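S.K.: If you scroll down you'll find the structure; I have some questions about it.
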Amino acid sequence: MMAQYTRADERFRMVERQIEARGIRDPRVLMALREIPRHHFIPPPYDRGAYDDCPLPIGNGQTISQPYIVALMTELLRPEPGHNVLEIGGGSGYQAAVLGAIVRHVTTVERIPSVADLAKRNLAALHICNVEVIVGDGTLGYPDSAPFDGVLITAATPEVPKPLIGQLAEGGRLVAPVGGREIQELVVLENRNGRVTESFHGGVRFVPLIGEHGWEN
Ligand code: SAH
């Protein structure tokens with residue numbers, strides 16, 4: 001008889017083989033990746049590969065990030081339960097849901113209205129109530145809910161949009177893929193005592209951030 005694997009089995013195996021095996025150690029991040037059902041955030045037929053080691057299409061030419069990249073960026077943000085977090089580039093809502101499993105409140109901004117609707121439906125179906133989806137140009141940030149303990153940009157930007165740096169709380173961290181349209185480097189900014197410090201964390205590949213402080217189109 002063939003063994004029956006559930007999607008939860010696949011997800012736990014994903015965390016062990018793709019996430020822990022590559023050195024992600026933050027217990028909050030590992031817990032959130034085990035908890036959030038990634039397959040709910042991927043439209044058929046691609047949802048079948050939800051626990052594979054790769055990004056997948058979600059429609060409108062956009063993608064859901066590779067699980068390891070979600071884990072790495074979440075760990076670099078150093079999220080804590082009391083935090084107020086902003087995500088730019090909501091996509092279908094997976095990264096926002098992962099953050100929402102750890103922190104108090106998440107605002108995610110998505111440029112394409114139909115993609116934002118998909119995120120809203122996915123989050124509502126899972127009864128995730130601490131993640132708010134906003135349609136708009138995330139390169140302007142979201143002043144209504146600022147300041148933020150963490151800002152995560154999940155689209156490729158030529159430089160970190162200035163308004164987002166201005167919306168960081170004291171001690172706040174910002175994680176972003178910065179570079180060209182094809183390849184970028186993960187950059188972490190930290191705002192402490194009126195100074196912003198920068199560190200670099202390896203190459204990544206994201207779809208472009210399109211907006212006033214990003215790419216033109
Ligand atoms: N965070 C997603 C990945 C989304 S892909 C996940 O969890 O899988 C990047 C998303 O950024 C796309 O949906 C794209 O439409 C969006 N985007 C691009 N430019 C944007 C902008 N200026 N403001 C908000 N969203 C933007």
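The values are calculated or read from the model by the stated rules, or taken from the named source; none is laboratory data. Since we're looking at a predicted model, the values are computed, not measured. When we count neighbours, we look across all protein chains shown, and the Cβ atoms used for this are built from the backbone with ideal geometry, even at glycine. The area values use the complete protein model at the heavy-atom level, side chains included, leaving out ligands, DNA and RNA. Shrake-Rupley method; radii C 1.70, N 1.55, O 1.52, S 1.80 Å.
S.K.: Which one is least open to solvent (accessible area, probe 1.4 Å), of the residues in region 1-21 that are among the basic types (Lys, Arg) and more than 19 Å from ILE102 (Cβ to Cβ)?
M.R.: ARG7
S.K.: State all residues of region 59-73 that are of a type outside the set (A, V, I, L, M) and more than 10 Å from the ligand (Cβ to nearest atom); if no residue qualifies, say none.
M.R.: Passing the criteria: only TYR68.
S.K.: For the subset of region 139-156 comprising residues that are crowded, with 21+ Cβ neighbours inside 10 Å and of a type in the set (A, V, I, L, M, F, W, C), which member is farthest from the chain's Cα centre (by Cα)?
M.R.: Ranking the qualifying residues of region 139-156, first place goes to PHE148.
S.K.: Take the conditions of a type in the set (Ser, Thr, Tyr), open to solvent by 10 Å² or more (accessible area, probe 1.4 Å), modelled with pLDDT of 95 or more and more than 16 Å from the ligand (Cβ to nearest atom) and apply them to SER199. Does it pass?
M.R.: Criteria met by SER199.
S.K.: If we scan region 59-66, do we find a residue that is surrounded by fewer than 17 Cβ atoms within 10 Å (Cβ to Cβ), closer than 22 Å to ILE112 by Cα and either touching a Lys or Arg at 6+ places or on another chain (Cβ under 6 Å) or not polar (S, T, N, Q) (or both)?
M.R.: Yes: region 59-66 contains one or more residues that are surrounded by fewer than 17 Cβ atoms within 10 Å (Cβ to Cβ), closer than 22 Å to ILE112 by Cα and either touching a Lys or Arg at 6+ places or on another chain (Cβ under 6 Å) or not polar (S, T, N, Q) (or both).
S.K.: Looking at region 22-46, which of its residues are open to solvent by 70 Å² or more (accessible area, probe 1.4 Å) and in contact (Cβ under 8 Å) with a residue 60 or more places away in the chain?
M.R.: The answer is ARG28, MET31, GLU35, HIS40.
S.K.: Could you list all residues from region 157-185 that are open to solvent by 30 Å² or more (accessible area, probe 1.4 Å) and within 21 Å of ASP144 (Cβ to Cβ)?
M.R.: Result: LYS162, PRO163, ILE165, GLY166, GLU170.
S.K.: Right, next: Can you tell me which residue in region 95-133 is farthest from the chain's Cα centre (by Cα), limited to those that are open to solvent by 10 Å² or more (accessible area, probe 1.4 Å) and polar (S, T, N, Q)?
M.R.: The residue in question is SER114.
S.K.: Something else now. If I go through region 1-31 residue by residue, how many of them are part of a loop (DSSP other than H, G, I, E, B) and either modelled with pLDDT of 95 or more or not aromatic (Phe, Trp, Tyr) (or both)?
M.R.: So the answer is 11.
S.K.: So, one more: Six or more apart or on different chains, Cβ under 6 Å: which pairs go from a residue in region 156-169 that's part of a loop (DSSP other than H, G, I, E, B) to one that's open to solvent by less than 30 Å² (accessible area, probe 1.4 Å)? Could you list them?
M.R.: Here the result reads VAL160/ALA176; PRO161/THR139; GLN167/GLY141; GLN167/PHE148, each pair linking region 156-169 to a residue that is open to solvent by less than 30 Å² (accessible area, probe 1.4 Å).
S.K.: Go through region 183-196 and give me each residue that's in contact with a Gly (Cβ under 7 Å, 6 or more places away or on another chain) and either within 10 Å of the ligand (Cβ to nearest atom) or among the charged types (D, E, K, R) (or both).
M.R.: Listed by number, the residues that qualify are GLU185, ARG192.
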